[in-house]
Amino acid sequence: MSIDTVILDIEGTVCPITFVKDVLFPYFIQKLPSILAPIQFPLPSPTNDPIVEILAQLPSSITTSSDTVYLHLKSLVDQDIKDPVLKALQGYVWKQGYESGELKAPVYADSIKFIREYTGEIYIYSSGSIKAQILLFGHVDDEGKSVDLNSYLKGYFDITTAGFKNQAASYSKILKETGKLGESVLFLSDNVNEVRSAIEARMSSYVVVRPGNAPLSDEDKAKYKIIHSLEELSL
């Protein structure tokens, strides 16, 4: 059976693995003081302020002042903890950054070309939220211009809708959700554990090697098909 569906990871696959940690995370921390400055602490209730609504999900012991909130959120970022309150606030800040033009997603040129030209279906599967995925692909840096690639994408999956990416059951769930047979689906990722899990779910899966990605062992190089660009695909 031939491949008619491609599922793409994001970081390390279609954009530099450093983008989130070196650009998005610092941008959030930089903007956080100005986001917190207008907020009254302790938090008022009820409120129509979207920031306050997000912060209200934190323990009251943390929301006593802007300083305690800032230090708590910065600690979560520094430790790369996947906290739902942090993710919601990051999403709010990044949305403003993308819409203002301060942020653009550095998607590789070969990935932009593939997404535009592939005649089958393309899905995204990332540990980042679906909202964040749509934001990223809606503000792609294409030779200095911001372009929206979402119209080329059939759908999106994250860890809340499919499960963790290093578990075969997550890929089986995606197959069930999309109505696809594993033999017709190709999953691309920089992460060997994710590739292994996709293969266990009967998908085809290749390891994508990009600058800055974690080095592969000789065993992994021998075991998995490796590509360095989406231009190498012949589907």
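Values computed for the structure shown
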quantity: Out of Lys131, Lys145, Lys165, sole residue that is surrounded by 15 or more Cβ atoms within 10 Å (Cβ to Cβ), without any contact (Cβ under 8 Å) to a residue 60 or more places away in the chain and of a type in the set (Lys, Arg); calculated: Lys131
quantity: All positions within segment 47-82 that are in a loop (DSSP other than H, G, I, E, B) and crowded, with 17+ Cβ neighbours inside 10 Å; calculated: Leu58, Thr63
quantity: Residue in segment 181-192 that is in the same structural domain as Tyr118 (by TED's automatic domain parsing), free of Cβ contacts under 8 Å to residues at least 60 places away in the same chain and loosely packed, with under 15 Cβ neighbours inside 10 Å present; calculated: no
quantity: Verdict on Lys87 being touching a residue at least 12 places away in the same chain (Cβ under 8 Å), among the basic types (Lys, Arg) and closer than 27 Å to Tyr125 by Cα; calculated: yes
quantity: Boolean, Ile35 is buried (at least 18 other Cβ atoms within 10 Å of the Cβ), aliphatic (A, V, I, L, M) and within 30 Å of Ala169 (Cα to Cα); calculated: no
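The values are calculated or read from the model by the stated rules, or taken from the named source; none is laboratory data. Note that this is a predicted model, so its numbers are computed, not measured. Every residue, glycine among them, receives a Cβ derived from its backbone with ideal geometry; neighbour counts consider all protein chains shown.
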